[in-house]
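Please read the structure below before turning to the comments.
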Amino acid sequence: MTSLKHAQDLVKKHGVEFFLCSFVELSGAPKAKLVPATHLEDVVCEGGGFAGFAAGEMGQGPHSPDIVAIPDFRSLTVLPWRKNVAWVAGNVHAEGKSWPHCPRTILSNYLERVRKEHGYIYKTGVEPEFHLVTQGEHGKWQIADKMDSLSKPCYDLRALHRHLDLMSTLIKYMQELGCTRMRMITKMPIASMKLTLHTLMR
């Protein structure tokens, strides 16, 4: 999906020393190998090898051939919190052929079909919501912010301000990951925060 020289240029440009050669199995779980950039040529030409049956739901049994994730360096993303490491998505192959149970390949083929037949281009807008919790002394999960107790906590400025360091760092990392059209972070119900993203593509 990319030439060796192009991949080498990307690694050199970003100062990447390691990259996570990744794919997703059918249940949605991401899988990866940490590969040193010194072995870039091997990965570009041959892919990252995995025992498909052990990797998860890939339509394989113990008798099946190994799978390889061929990286698509157009997806290369440098981790803002570990800038010498990059993540790269891959498409699964087995015995030199595209593996029919690779979710990324299935989606890519469908999107291309929709584009050709109907002229549609896929875009997404998501609003991920997450909870700020901590683990207590006996292992029980509890609300991280003990002051988060208002009967109507949505959009509360004081709660947002108490977590300003966390939220501002999160925004910076998301922007470095390519989410340049993030609109806001808002305080939602107790222990919750929400991001509003537009046309998040990767």
Residues in region 56-70: is at least one surrounded by 16 or more Cβ atoms within 10 Å (Cβ to Cβ) and under 20 Å from residue 179 (Cβ atoms)?
-> no
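Does residue 49 qualify as being in a strand (DSSP E or B) and surrounded by fewer than 18 Cβ atoms within 10 Å (Cβ to Cβ)?
So residue 49 fits the description; yes.
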Could you list, in sequence order, the residues of region 82-109 that are surrounded by 12 or more Cβ atoms within 10 Å (Cβ to Cβ) and among the small types (Gly, Ala, Ser)?
-> 86, 89, 90, 94, 98, 108
Complete set of residues in region 124-165 that are of a type in the set (A, V, I, L, M), assigned to a helix (DSSP H, G or I) and surrounded by 13 or more Cβ atoms within 10 Å (Cβ to Cβ) | 159, 160
Please name all residue pairs, on different chains or six or more residues apart, with Cβ atoms under 6 Å, provided the first residue is in region 1-30 and is part of a loop (DSSP other than H, G, I, E, B) and the second residue is of a type in the set (Asp, Glu) and modelled with pLDDT of 85 or more.
-> 1/72; 25/57; 26/57; 27/57
From the option list 117, 112, single residue qualifying as exposed (fewer than 13 other Cβ atoms within 10 Å of the Cβ) and either under 28 Å from residue 176 (Cα atoms) or in contact (Cβ under 8 Å) with a residue 24 or more places away in the chain (or both) is 112
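Here's the yes/no breakdown for (1) in a strand (DSSP E or B); (2) not aliphatic (A, V, I, L, M):
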| residue | (1), (2) |
| --- | --- |
| 44 | no, no |
| 58 | no, no |
| 64 | no, yes |
| 69 | yes, no |
| 74 | no, yes |
| 83 | yes, yes |
| 92 | yes, no |
| 107 | no, no |
Would region 87-94 turn up any residue that is out of contact with any Ser or Thr (no Cβ under 8 Å at 6 or more places or on another chain) and among the β-branched types (Val, Ile, Thr)?
-> no
Meets criteria (under 21 Å from residue 177 (Cα atoms), surrounded by fewer than 19 Cβ atoms within 10 Å (Cβ to Cβ) and touching a Ser or Thr at 6+ places or on another chain (Cβ under 7 Å)) for residue 30 = yes
Give me the pairs, please: first residue somewhere in region 160-177 and in the same structural domain as residue 188 (by TED's automatic domain parsing), second residue anywhere and loosely packed, with under 15 Cβ neighbours inside 10 Å and assigned to a loop (DSSP other than H, G, I, E, B), beta-carbon distance under 6 Å, and either six or more positions apart or on two chains.
-> 173/80; 176/80
Residue check for residue 140: of a type outside the set (A, V, I, L, M, F, W, C), without any contact (Cβ under 8 Å) to a residue 24 or more places away in the chain and assigned by TED's automatic domain parsing to the domain that holds residue 176 = yes
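The values are calculated or read from the model by the stated rules, or taken from the named source; none is laboratory data. Bear in mind the structure is a predicted one, so any value in this text is a computation, not a measurement. Heads up, the Cβs are rebuilt from the backbone with ideal geometry, glycines too, and the neighbour counts pull from every protein chain shown.
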